[in-house]
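Written out below as structure tokens is the structure these notes cover.
The values are calculated or read from the model by the stated rules, or taken from the named source; none is laboratory data. Just so we're clear, the structure is a prediction, and the values are computed from it rather than from any experiment. Every residue, glycine as well, gets a Cβ built from its backbone with ideal geometry; the counts of neighbours run over all protein chains shown.
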Amino acid sequence: MEKSQTQYLCKKPKVWRNTLDEESFMFKNVIPSIREKTKEDMKNNEKDVRVDPSEANVFKSFPINSISWVSNKLYYYSKDKKLYTLLDYTKGANASITSIKLVSKDGKEELSLDDPNDISSLRDYININIKIYSEHDSGEIVSIPVKLQNKLSSELSDQIEGITGLTFGLFKFFCRSFVVDGEKYLSSYEDINEGMTLIAAAGFSKPYKFKRFKKDYEYPYWGYSMGTTDAMSFVPNKAVILYGFTVYASDQLQFEIKYKLYVDDKVVEENEMTLSDWEDKFYKRIYLQSFHMIPEGANLEITCQIAKNFTGSDTYISTYYGEQGNDWNDVPNDHMGLWTVQASPKSCSSSVCSGNFPEILYYI
């Protein structure tokens, strides 16, 4: 097999595209294992027609080793999206697996499989999405198979470096609000699932929260019904990266919300969801679909419509709320003086003094 010694360098890396035929950007720091050929080359050599060894295919997916069946090892069962520990298995005459016994990760549920299709749904890895943020990339997404019980650093180092040209150690990895430790196994985290997204951020800080209220009111008397819009504005005095915000919880089990984020009056994200499972008595933190750069001095406005439900006749819901908001500049935070709180003309209820939106979730 011929090996090219070409090392690709470019200003802005893009992945999963042909480089010879489509004139798109090349990889950084990647030596192809197979020499690339143009489509004309392929036509002139029938042996190669069955394989197109361009970057688009050679690097389109990351290979995963065949599964080894080991007792007391964790496996992902794609049919019910749960993790199981292998207890025992039997093999047939041709050495293929004919039956498997497992127990759920928490030890509460046993599972026996003897159908070949069910057995083939067991894996010792899951495919996760990595959303990459660096100096050159703002939201490039790649899908990578990650072994459940290998260190994340060993699973991701080569892939991250191959895609970005940057070493693994320059990145911090986040899943929602917590930092993912590269020395841990993926299986050590709760609520992992196929297609979950990790944020790979080069040079980002730890996650921070800005709290604007000195006091959370003890009773849920802040009322909403369908059509009511609540809003608040926040202005940073240096560039930050927004990853979420907080609304107040209710004494009810759940409510629905439609939110929009504006940066200098331009909508950068909007979403609709049902909120439940309060982090504590007062708060429900909302993690955004994407990171958003908020430039120094830009006006970040958050607007929400909140209702018990948006389809029924009974839409009224009341939530907890904050007081003494005029003193936001004196509330202890990691970055004192970073944020200015302003009233939003889009708001029908919350003001600087009292109301909703107690926290901003950000990175520096």
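Structure above, values below:
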item	result
Residue within the range 287-307 that is more than 16 Å from Phe210 (Cβ to Cβ), in contact with an Asp or Glu (Cβ under 8 Å, 6 or more places away or on another chain), buried (at least 17 other Cβ atoms within 10 Å of the Cβ) and among the aliphatic types (A, V, I, L, M) present	yes
Elements of type strands (runs of 3 or more DSSP E) in the range 201-242, at least 2 residues being hydrophobic (A, V, I, L, M, F, W, C)	229-236
Inter-residue pairs, beta-carbon under 7 Å, first over 21 Å from Asn193 (Cβ atoms) and in the range 90-112, second part of a loop (DSSP other than H, G, I, E, B) and at pLDDT 90 or above, 6+ apart	Thr98/Asp114; Ser99/Asp114
Test set (1) free of Cβ contacts under 8 Å to residues at least 60 places away in the same chain; (2) under 16 Å from Val240 (Cβ atoms); (3) of a type outside the set (Lys, Arg) - Glu296 fails condition number	(1)
Failed item in (1) under 30 Å from Pro332 (Cα atoms); (2) buried (at least 17 other Cβ atoms within 10 Å of the Cβ), with Leu152 passing the rest	(1)
The range 334-364, residues that are surrounded by fewer than 20 Cβ atoms within 10 Å (Cβ to Cβ), within 18 Å of Gly322 (Cβ to Cβ) and among the small types (Gly, Ala, Ser)	Ala343, Ser349, Ser351, Ser354
Pick from the range 168-195, criterion touching a helix residue (DSSP H, G or I) at 6+ places or on another chain (Cβ under 9 Å) and assigned to a loop (DSSP other than H, G, I, E, B), ranking: nearest to Gly337 (Cα to Cα)	Asp181
Test: Asn127 is polar (S, T, N, Q), more than 26 Å from Gln289 (Cα to Cα) and either surrounded by fewer than 17 Cβ atoms within 10 Å (Cβ to Cβ) or at pLDDT 85 or above (or both)	no
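Here is a yes/no grid of residues against (1) touching a residue at least 60 places away in the same chain (Cβ under 8 Å); (2) of a type in the set (Val, Ile, Thr):
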| position | (1), (2) |
| --- | --- |
| Thr246 | yes, yes |
| Leu253 | no, no |
| Ile257 | no, yes |
| Lys260 | no, no |
| Val268 | no, yes |
| Glu272 | no, no |
| Asp280 | no, no |
| Lys284 | no, no |
